[in-house]
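**Student:** My questions all concern the structure below.
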Amino acid sequence: MRSVGDHLQACLEIVGPLPPLAVALPDAVGCVLADDVVAPSDLPVTDRAATDGYAVRSSDVTEADVREVSLVVVDDVRAGSAGPVRLPAGAAVLIASGAPLPEESDAVVELAFTDRGRAKVGVRRAVSAGSGVRRRASEASAGEVVLRAGERVGPRELALVAALGRGRIEVHPKPRVVIISVGDELVEPGKPARAGQVFDANSHALASGVADAGAVAIRVGAAPDSYGALRELIEDQLVRADLVITTGGLSLGEGDTVSDVIGPLGNVRFDDVALSPGRRLGVGTLGEEEFPTPVLCLPGDPVAVQVAYEAFVRPALLHMAGHPNLYRPTVRARAGSEWASAVGVREFVPVRLVGSPREGYRWDPVARAGALTGLVRANAYAVIPEGTGTLSAGAEVPCLLLEE
């Protein structure tokens with residue numbers, strides 16, 4: 001039997017970060033930077049007004065706290081103005097927030113501290129040099145690294161890149177993940193089911209998990225156990241997949257065909273893994289040796305699929321996308337009651353975790369094994385190590401947090 005750690009390592013080895021790709025800014029959202037972002041110029045490129053008001057020489061308004069100082073308004077500068085403006089002594093320039101500061105000015109008086117005059121302005125507050133001004137290079141200097149490789153691109157990062165004038169950036173693209181449920185008994189939710197049939201929960205759940213991890217889910221849906229039909233379906237999907245995930249069809253019975261179909265299509269290893277719930281899993285590559293497509297084969301039980309997703313699939317997806325951190329946070333927590341665990345396997349128990357860092361944490365199971373109804377109430381998995389047997393009440397184990 002293969003250990004959970006060995007199987008996880010195999011999953012990470014067959015994927016690896018996707019090759020960097022230069023993409024337009026809208027396509028970079030949610031991706032991980034593959035290279036540092038360097039400021040090509042100062043940001044801002046010149047001193048700018050930080051507020052609407054009047055650009056002045058601070059030395060001209062030193063008495064404004066004592067008496068109103070009157071200045072001649074010689075110009076009106078808007079954001080986007082290109083021509084240079086010079087400010088004479090004893091004058092002011094009406095200026096909009098974001099507009100370049102006139103030469104010889106060193107401060108901006110907010111509108112609220114003036115009479116808002118257009119030909120002449122009365123200033124009622126003294127300002128010091130630099131007041132109301134965004135200095136050149138105050139955010140970034142030319143040549144400065146403003147974002148590091150490995151950072152995820154979100155709205156704030158995108159705003160910074162756009163402000164630097166960059167139209168494209170190097171990222172690890174989002175993995176395209178083809179999801180195939182296998183089984184003659186499977187029916188698409190919303191359609192009528194006959195006796196003996198079950199609704200395909202796994203492909204929908206995996207598609208949601210794939211999207212939640214930042215990848216692109218391509219849900220093919222349910223495929224029959226027919227050898228020829230399943231082989232043709234998988235071969236057709238390889239052209240658009242960075243990763244293929246199958247679920248079901250892994251039992252050793254005559255009707256379960258995944259290992260028989262996938263084996264000749266590439267190099268895939270199937271093992272009983274010391275994991276509960278779960279057990280038989282596959283990992284390897286499909287297609288030509290020069291351009292292999294990774295494949296992860298999961299069991300058909302919906303709860304076992306959810307556990308396998310957390311233990312193997314999610315870390316592999318994050319690794320493909322270039323994330324430096326592959327795993328969910330964990331905390332150590334005490335068992336609320338005695339728990340009997342199968343010896344020799346690592347058990348993932350859906351639990352409700354309560355507590356705080358100060359007082360410590362406690363977990364209690366939410367339902368019997370294999371119950372989806374209990375799984376939806378869980379906020380963590382208690383991970384019972386191999387060889388534990390009976391876990392006494394109060395004993396601590398690591399808990400994988402499902403709600404961060």
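The values are calculated or read from the model by the stated rules, or taken from the named source; none is laboratory data. In this text the structure is predicted, and so the values were computed from the model without any measurement. Because the Cβ atoms are built from the backbone with ideal geometry, glycine has one as well, and the counts that use them run over all protein chains shown. When the accessible area is computed, the model is the full protein with side chains, heavy atoms only, and any ligands, DNA or RNA have been set aside. Shrake-Rupley method; radii C 1.70, N 1.55, O 1.52, S 1.80 Å.
**Student:** Scan the range 291-329 residue by residue and report those that are among the acidic types (Asp, Glu) and at pLDDT below 95.
**Tutor:** Of everything in the range 291-329, just one residue is among the acidic types (Asp, Glu) and at pLDDT below 95, namely Asp301.
**Student:** Among the listed residues Val313, Val295, Val305, which satisfies the condition of being open to solvent by less than 10 Å² (accessible area, probe 1.4 Å), in contact with a Ser or Thr (Cβ under 6 Å, 6 or more places away or on another chain) and among the β-branched types (Val, Ile, Thr)?
**Tutor:** It is Val305.
**Student:** Name, by its number, the condition in (1) touching a Phe, Trp or Tyr at 6+ places or on another chain (Cβ under 6 Å); (2) open to solvent by less than 40 Å² (accessible area, probe 1.4 Å) that does not hold for Pro189.
**Tutor:** (2)
**Student:** Looking at the structure I just gave you, is Glu386 part of a loop (DSSP other than H, G, I, E, B), buried (at least 17 other Cβ atoms within 10 Å of the Cβ) and touching a strand residue (DSSP E or B) at 6+ places or on another chain (Cβ under 8 Å)?
**Tutor:** The answer is yes for Glu386.
**Student:** Tell me which strands (runs of 3 or more DSSP E) are completely within the range 21-90 and hold 2 or more residues being in contact (Cβ under 8 Å) with a residue 40 or more places away in the chain and more than 17 Å from Ala119 (Cα to Cα), or say none if there are none.
**Tutor:** On the way: elements: 21-24, 53-56, 69-77.
Fully inside the range 21-90 and qualifying: 21-24.
**Student:** Going residue by residue through the range 100-115, is there one that turns out to be in a loop (DSSP other than H, G, I, E, B), over 16 Å from Ala55 (Cβ atoms) and without any contact (Cβ under 8 Å) to a residue 60 or more places away in the chain?
**Tutor:** yes
**Student:** Can you give me the number of residues within the range 1-27 that are in contact with a Leu (Cβ under 7 Å, 6 or more places away or on another chain) and more than 12 Å from Leu317 (Cα to Cα)?
**Tutor:** 3
Condition check ((1) closer than 29 Å to Leu375 by Cα; (2) surrounded by 20 or more Cβ atoms within 10 Å (Cβ to Cβ); (3) among the small types (Gly, Ala, Ser); (4) touching a Phe, Trp or Tyr at 6+ places or on another chain (Cβ under 6 Å)) across all residues:
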| site | (1), (2), (3), (4) |
| --- | --- |
| Ser203 | yes, yes, yes, no |
| Val220 | yes, no, no, no |
| Pro264 | no, no, no, no |
| Asn267 | no, no, no, no |
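**Student:** Go through (1) open to solvent by less than 10 Å² (accessible area, probe 1.4 Å); (2) at pLDDT 95 or above; (3) under 25 Å from Leu18 (Cβ atoms) and name the single condition Val273 misses.
**Tutor:** (3)
**Student:** Those residues that are at pLDDT below 95, closer than 11 Å to Ala49 by Cα and not small (Gly, Ala, Ser), I need them from the range 78-99; list them, please.
**Tutor:** Arg78 - this is the single residue of the range 78-99 that is at pLDDT below 95, closer than 11 Å to Ala49 by Cα and not small (Gly, Ala, Ser).
**Student:** Something else: Restricting attention to the range 132-157, report how many residues are open to solvent by 40 Å² or more (accessible area, probe 1.4 Å) and among the hydrophobic types (A, V, I, L, M, F, W, C).
**Tutor:** Residues meeting the conditions: 3.
**Student:** For the range 316-344, enumerate the residues that are of a type in the set (Val, Ile, Thr) and either within 27 Å of Ile234 (Cβ to Cβ) or open to solvent by 50 Å² or more (accessible area, probe 1.4 Å) (or both).
**Tutor:** Thr330, Val343 - these are the residues of the range 316-344 that are of a type in the set (Val, Ile, Thr) and either within 27 Å of Ile234 (Cβ to Cβ) or open to solvent by 50 Å² or more (accessible area, probe 1.4 Å) (or both).
**Student:** For the range 345-363, how many residues meet the condition of being open to solvent by 40 Å² or more (accessible area, probe 1.4 Å) and farther than 18 Å from Ala395 by Cβ?
**Tutor:** Of the residues in the range 345-363, 2 are open to solvent by 40 Å² or more (accessible area, probe 1.4 Å) and farther than 18 Å from Ala395 by Cβ.
**Student:** Now for a different question. For the range 373-381, indicate whether the set of residues that are in contact (Cβ under 8 Å) with a residue 24 or more places away in the chain and part of a strand (DSSP E or B) is non-empty.
**Tutor:** Yes; the residues of the range 373-381 include at least one that is in contact (Cβ under 8 Å) with a residue 24 or more places away in the chain and part of a strand (DSSP E or B).
**Student:** Among the candidates Gly80, Gly53, single out the residue that is open to solvent by less than 20 Å² (accessible area, probe 1.4 Å), of a type in the set (Gly, Ala, Ser), over 24 Å from the mean Cα position of the chain (by Cα) and more than 18 Å from Met320 (Cα to Cα).
**Tutor:** Numbers: Gly80 fails: open to solvent by less than 20 Å² (accessible area, probe 1.4 Å).
Sole residue among the options that is open to solvent by less than 20 Å² (accessible area, probe 1.4 Å), of a type in the set (Gly, Ala, Ser), over 24 Å from the mean Cα position of the chain (by Cα) and more than 18 Å from Met320 (Cα to Cα): Gly53.
**Student:** Among the residues of the range 364-376, is any farther than 28 Å from Leu317 by Cβ and surrounded by 14 or more Cβ atoms within 10 Å (Cβ to Cβ)?
**Tutor:** Yes.
**Student:** Just a yes or no: is a residue in the range 218-237 touching a His at 6+ places or on another chain (Cβ under 9 Å) and either closer than 27 Å to Pro17 by Cβ or of a type in the set (Phe, Trp, Tyr) (or both)?
**Tutor:** Yes, the range 218-237 contains at least one residue that is touching a His at 6+ places or on another chain (Cβ under 9 Å) and either closer than 27 Å to Pro17 by Cβ or of a type in the set (Phe, Trp, Tyr) (or both).
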